[in-house]
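Since every read-out is calculated from the coordinates, none of them should be taken as a lab result. Note that this is a predicted model, so its numbers are computed, not measured. Neighbour counts are summed over all protein chains in view; Cβ atoms, including those assigned to glycine, are modelled from backbone coordinates with ideal geometry.
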Amino acid sequence: MVKILQLPRVVECRILRRETLFTVLVNIENSIHRALLRNTGRLAGLLNKGAKAFCIPKSTGKTRYILLCVEVKRGLYSILDTSLHMKIFEKLAHKDTFPWMKNWTIVKRNPRAYESILDYLIKSSDFIGFIELKSAVHSNGVYAMYPDAPSPRGIRHLYTLIRLRKMGYRSVVVFAASFPGVRAFRPFIEISPEYGRLLRSALSQGVEAYAFNVVMNRKGDILLEKSHLPLELPL
């Protein structure tokens, strides 16, 4: 695994329970704190009581910490924070880690396209493209999967990417996985068969899809396990 970056000021904690869609109660040095959770997925099997996790302090708002990751294998942590997924992706893209980003640069975050706000506007010479980054936060030990809950927003984004591709723009969906040892990415059709069907249709219409896998260790190092995680589409 290759070290991408190191996070300063990480604080070890233990999960107590998910309090709301956006908050988790954690135990830090025998004190209970409310941590911001920047991931609206179900996160089944990840936020178990007593699970080891890491937070970082925050200075504003109603919560004192942000939950970053939880331990899924001895000494290795699954990154849950979607903002951190974006930071990691941008770092990798700028380092030319992805062959499919060769000669392309990120020029803008959160571009508006039709009825959607996507994650990135990219450019190469006179060509324009769009990228939507999704967090694959469920795993059965073999695959990293998305979505882990029904996602009308995720489906809308795929329709937008298809529409953009038909208009001549490059359209890309990227899945950020964070599970040590997974073999591939696949859509979580048991949760959203519609997303699986639409992803297959999008690929047949010229939309591109890629996945990569990163984890965090107990030192706060972000490690790249696979820059190209294969995609498998169930029939």
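If I take R0 = 25 Å and measure r between the Cβ atoms of MET1 and GLU90 in this structure, what FRET efficiency does the formula 1/(1 + (r/R0)^6) give, to the nearest 0.05? Walk me through the numbers before you get to the answer.
Details: r = 19 Å, r/R0 = 0.77.
Efficiency, from the Cβ-Cβ distance: 0.85.
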Farthest positive-ward along the chain dipole, Cα basis, beta-carbon charges - from VAL107, VAL174, GLY61: GLY61
Over 20 Å between Cα atoms, which of LYS87/LYS108; LYS87/LYS219; LYS87/LYS134; LYS3/LYS58; LYS95/LYS226; LYS91/LYS123 qualify? LYS3/LYS58
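Which FRET efficiency value, to the nearest 0.05, is calculated for THR97 and ARG163 with the Förster distance at 22 angstrom and r the Cβ-Cβ distance? Write down the numbers at each step before the final one.
Numbers: r = 29 Å, r/R0 = 1.30.
It comes to 0.15.
Express the relative contact order of segment 103-235 as a whole percentage, based on alpha carbon pairs under 8 Å and six or more residues apart in sequence.
Numbers: 284 pairs, mean separation 28.0, N = 133.
Averaging sequence separation for qualifying contacts and normalising by length gives 21 percent for segment 103-235.
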Between segment 108-150 and segment 1-58, what's the alpha-carbon centroid distance in Å? 24
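Just check segment 7-75 against the gyration tensor rule for me: Cα atoms, a ≥ b ≥ c as the square roots of the eigenvalues, rounded for a/c under 1.5, and otherwise prolate or oblate depending on whether a/b exceeds b/c.
Working: a/c = 1.42, a/b = 1.13, b/c = 1.26.
Rounded, because the longest to shortest axis ratio a/c is under 1.5.
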What is the chain's relative contact order, in percent, from Cα pairs under 8 angstrom and six or more apart in sequence? 18
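Taking a ≥ b ≥ c as the square roots of the Cα gyration tensor eigenvalues, with a/c under 1.5 meaning rounded and otherwise prolate when a/b beats b/c, else oblate, which class fits segment 75-213? Each step should come with its number before you reach the end.
Values: a/c = 1.82, a/b = 1.21, b/c = 1.50.
Since a/c reaches 1.5 but b/c is at least a/b, the shape of segment 75-213 is classed as oblate.
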Cα-only radius of gyration and Dmax that characterise segment 74-125, units Å: 13.5, 45
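Please give the length that would be gained between GLU190 and GLU208 if that part of the chain were fully extended, namely 0.36 nm times their separation in residues minus their C-alpha to C-alpha distance (nm, one decimal).
On the way: separation 18, 0.36 × 18 = 6.48 nm, distance 2.27 nm.
Between GLU190 and GLU208, full extension yields an extra 4.2 nm.
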How large is ³J(HN,Hα) for each residue in segment 168-183, as worked out from phi by the Karplus curve 6.51 cos²θ - 1.76 cosθ + 1.60 (θ = phi - 60°), to whole Hz, x for Gly and Pro? x, 8, 6, 10, 9, 10, 10, 10, 8, 9, 8, 9, x, x, 5, 8
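Would you calculate, for the chain, the mean residue ellipticity at 222 nm contributed by helices, counting each DSSP H stretch of 4 or more residues as -39,500 (n - 2.57) and dividing by all residues, to the nearest 500?
Details: 3 runs with 40 residues, N = 235.
Value at 222 nm, helices only: -5500 deg cm²/dmol.
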Dipole magnitude of the chain about its Cα centre, charges +1 at Lys/Arg Cβ and -1 at Asp/Glu Cβ only, in debye to the nearest 20? 360
Would you list which aspartates and glutamates come within 17 Å of LYS62, measuring only between C-alpha atoms, while excluding same-chain residues fewer than 8 positions from it? GLU19
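Run the numbers on segment 7-75 and let me know its relative contact order in percent, using alpha-carbon pairs under 8 Å that are six or more apart. Intermediate results must be reported in sequence, preceding the final value.
Values: 138 pairs, mean separation 22.4, N = 69.
It comes to 32 percent, rounded to a whole number.
Would you mind calculating the gained length between ASN48 and SER124 on full extension (0.36 nm times residue separation, minus the Cα-Cα distance), in nm to one decimal?
Taking ASN48 through SER124 to full extension adds about 22.9 nm, to one decimal.
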